[in-house]
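Every read-out reported here was derived from the displayed coordinates using simple, explicitly stated rules and does not represent laboratory data. This one's a predicted model, so the numbers in the text were calculated from it and none came from an experiment. Here Cβ is always computed from backbone atoms with ideal geometry, including for glycine, and neighbour counts include all displayed protein chains.
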Amino acid sequence: MVLKCQNFRPNCSATNSVVSANPDIAGIGVIISFLVTTCIAFILAFVVMFLERYNSIRRFFRKILKMPFKDYTSELCTWRTHLFWFEILSKNLLAFSDTQLLTGLSVQFTALLKHCELSIYHFQIVVELAFLTTVTHLLTLVALRNYFVKNRWTSLPRVILMLANLGLLSYTSYIAYSYGLADLHESSSLACFYQGHKPHFKAAFAGRWGFLLIGAIGGHLSVMITMYFLEEGLESAWLVWWGAIRNWVVAPVYAIYGLVFGGKALSHTQALGTPSVTIDGSEKEWGFGQFLPVLLLALPLLAGWESFRGKVLQDLKFPNSP
């Protein structure tokens with residue numbers, strides 16, 4: 001039966017079982033690609049948010065310093081201006097987010113399809129990788145909120161995939177963050193969890209699982225509700241305040257939390273350090289399955305380069321175009 005593992009007979013009382021290596025999930029290339037993508041998205045998101053507000057920041061300081069008013073709306077969009085880089089880096093950020101939409105769903109689907117064969121140790125790695133993808137998606141939604149609101153129907157496939165990834169993570173993280181409440185060890189088979197060793201939802205929600213659900217779901221839905229259920233420009237005052245809190249408190253705290261704790265958890269893998277369980281085999285070897293996710297990081301960078309080159313050529317051909 002699906003998600004029951006009735007045909008498996010693991011030793012659920014063992015505490016230091018040997019775990020077979022699984023480079024498809026915990027290989028060095030897989031983990032590095034997720035970490036690097038999230039770190040780049042983190043930097044890009046806050047750079048994009050700064051560039052979008054650059055004119056407002058300049059006006060604020062001119063007012064504080066009592067300098068004459070200056071109209072910035074007529075500035076040309078050349079490669080030397082913030083408008084140019086805002087457009088280029090926004091496309092780059094969107095491309096990195098799209099990449100993790102597919103990888104995040106893939107790694108979680110793989111774990112669920114093979115859940116009876118996995119150890120809790122490897123399932124935890126899957127959840128940490130998926131957690132990093134939600135950091136990228138939330139930062140993208142927050143940084144490019146105006147883009148998503150303006151292109152709400154064009155962005156609908158992205159939104160559906162984000163919700164699917166978030167829904168899967170809500171379920172998989174319940175298992176990964178609450179196995180200790182069921183008196184299971186990291187080296188235990190995940191089949192033990194499905195054969196009855198499950199904690200109550202209330203007890204699990206009081207821990208890290210609850211924080212993840214509140215931060216991730218609240219942050220994602222606040223932007224999506226604005227996209228599809230509120231008319232543009234008609235947000236109430238409390239929604240404006242919530243938007244500011246989401247942008248400058250919820251998203252940064254969630255992103256930093258995800259990077260710190262996710263990075264810390266992934267550092268206790270064979271790929272990046274010393275694993276917390278005994279592993280039979282190697283997850284450090286580089287092969288096709290490890291080179292591919294790392295090389296795929298070049299795709300968003302190539303898209304950014306094409307956008308940059310196209311804008312520069314346009315500026316040279318039409319130097320006075322906005």
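Would you mind ranking PHE109, PHE211, PHE96 by Cβ crowding within 10 Å, fewest neighbours first?
Sorted ascending by nearby Cβ count, the order is PHE109, PHE211, PHE96.
Apply the Karplus parameterisation 6.51 cos²θ - 1.76 cosθ + 1.60, with θ equal to phi minus 60°, to every residue of segment 135-142 and state each ³J(HN,Hα) to the nearest whole Hz, in sequence, with x for glycine and proline.
4, 4, 5, 5, 4, 5, 4, 6
Arrange ILE31, ILE64 by Cβ neighbour counts within 10 Å, fewest through most, would you?
ILE64, ILE31
In whole Å, what is the distance between the alpha-carbon centres of segment 157-175 and segment 262-293?
Centre-to-centre distance over Cα atoms comes out at 24 Å.
Pull out a ≥ b ≥ c, the square roots of the eigenvalues of the alpha-carbon gyration tensor of segment 96-275, then state rounded if a/c is under 1.5, prolate if not and a/b is larger than b/c, and oblate in the remaining case.
Prolate, since a/c reaches 1.5 and a/b exceeds b/c.
Residue-wise, which Karplus ³J(HN,Hα) couplings in Hz belong to segment 15-30, taking 6.51 cos²θ - 1.76 cosθ + 1.60, θ = phi - 60°, and x for glycine or proline?
10, 9, 6, 7, 9, 6, 4, 9, x, 5, 10, 10, x, 4, x, 4
Assuming a ≥ b ≥ c are the square roots of the Cα gyration tensor eigenvalues, decide whether segment 79-186 counts as rounded (a/c under 1.5), prolate (otherwise, with a/b larger than b/c) or oblate.
Taking the square roots of the gyration eigenvalues as a ≥ b ≥ c, segment 79-186 is prolate.
Fewest to most neighbouring Cβ within 10 Å: what's the order for PHE60, PHE42?
Sorted ascending by nearby Cβ count, the order is PHE60, PHE42.
For segment 88-112 and segment 3-66, what is the separation of their C-alpha centers, rounded to whole Å?
11
Going by amide H atoms built from the backbone, whose H comes under 5 Å of the H on VAL19, apart from near neighbours?
THR278, ILE279, ASP280
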